[in-house]
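First the structure, in the form of structure tokens, and then the observations on it.
The values are calculated or read from the model by the stated rules, or taken from the named source; none is laboratory data. Small disclaimer: the values here were computed from a predicted structure and weren't measured. Note: ideal-geometry Cβ built from the backbone for every residue, glycine included; neighbour counts use all protein chains shown.
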Amino acid sequence: MGTQVHQLKPLRDVVQGPHPSRLRLLAPIRYLSIQHPEKTKYDFALPLVFGVIAWAIYWLLNPKPPLFGDDGLLRFTRDLLIMAVPFMIGALAAVAMGSPGEHMDTRPRGVDLRLDGRTLTLRQFVCYLLGYLSFVGLITLGASVAAALMHNTVVHWLVQSPKWLLLLKAFGTLVLSVMLSALTITVFWGLYFLTDIVNDAD
């Protein structure tokens with residue numbers, strides 16, 4: 001009697017719960033799908049509001065702080081993220097691999113944190129939180145590096161179209177401001193969660 005061999009097909013998506021999630025490399029943004037009464041405010045509303053306010057203040061300043069060069073805002077952004085992103089990835093690895101203890105495998109007190117119809121434990125939520133922070137940090141870092149590398153080329157392309165150049169600069173600074181705002185507010189939300197909720201073991 002022959003032996004039937006079942007060939008496993010490669011997974012195209014990460015499957016969590018009843019619905020297939022985003023592609024594997026976009027799995028960290030599933031953090032935004034976690035349901036909690038306060039998360040919408042911290043995930044979308046506050047980052048957008050503070051990002052637009054910071055962007056408006058930048059455009060009202062005269063003279064404006066430089067974006068490019070050794071004293072530009074993009075350099076400070078890159079320097080900060082080069083230090084922050086590896087730290088967040090290391091923290092994610094530590095939490096995901098079992099640190100700091102069994103308390104992390106219980107659900108937080110109060111309102112449940114839910115994803116795909118199931119309640120998340122402290123460890124699961126912190127992993128999603130750190131994964132999202134690492135993802136946003138990497139995207140922001142990559143965008144700032146790409147902007148610095150392409151700056152002279154884009155200026156050369158649009159030297160005859162100053163209106164388009166100004167529009168591109170306005171759009172780019174708005175995106176950067178909102179992304180940095182989202183990163184900053186999520187870090188503060190994470191600090192609150194890690195210092196107050198995670199340590200509430202009673």
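Assorted remarks:
- Cβ separations smaller than 6 Å between residues 6+ apart or across chains give the following pairs from the stretch 75-98 residues that are farther than 17 Å from ALA146 by Cα to residues that are part of a helix (DSSP H, G or I) and β-branched (Val, Ile, Thr): VAL95/VAL126.
- Test: residue in the stretch 60-71 that is in contact (Cβ under 8 Å) with a residue 24 or more places away in the chain and not in a helix (DSSP H, G or I): yes
- Of all residue pairs spaced 6 or more apart or on separate chains, those with beta-carbon atoms under 9 Å, a first member in the stretch 135-155 that is free of Cβ contacts under 8 Å to residues at least 60 places away in the same chain and a second member that is among the β-branched types (Val, Ile, Thr) and in a helix (DSSP H, G or I) are VAL136/ILE29; VAL136/THR186; GLY137/VAL85; GLY137/ILE89; LEU138/VAL85; LEU138/ILE89; ALA143/VAL175.
- Among the residues of the stretch 49-59, those that are exposed (fewer than 15 other Cβ atoms within 10 Å of the Cβ) and over 15 Å from LYS169 (Cβ atoms) comprise VAL49, VAL52, ILE53, ILE57.
- Any chance LEU166 is in contact with a helix residue (DSSP H, G or I) (Cβ under 9 Å, 6 or more places away or on another chain) and either within 27 Å of ALA54 (Cα to Cα) or not basic (Lys, Arg) (or both): no
- Residues that are surrounded by fewer than 17 Cβ atoms within 10 Å (Cβ to Cβ) and over 17 Å from ALA146 (Cβ atoms) within the stretch 170-192 comprise ALA170, THR184, VAL187, PHE188, LEU191, TYR192, listed in sequence order.
- Which numbered condition PRO37 fails, given (1) surrounded by 12 or more Cβ atoms within 10 Å (Cβ to Cβ); (2) at pLDDT below 90; (3) part of a loop (DSSP other than H, G, I, E, B); (4) not β-branched (Val, Ile, Thr): (1)
- Residues that are modelled with pLDDT of 90 or more and either at positive phi or surrounded by fewer than 19 Cβ atoms within 10 Å (Cβ to Cβ) (or both), drawn from the stretch 100-117: ARG114
- Output for the stretch 101-142, where each listed residue is of a type in the set (D, E, K, R), within 15 Å of TYR31 (Cβ to Cβ) and in a helix (DSSP H, G or I): ARG123
- Failed criterion for LEU80 (all others in (1) in contact with a helix residue (DSSP H, G or I) (Cβ under 8 Å, 6 or more places away or on another chain); (2) surrounded by 13 or more Cβ atoms within 10 Å (Cβ to Cβ); (3) at pLDDT below 95; (4) under 23 Å from LEU176 (Cβ atoms) hold): (1)
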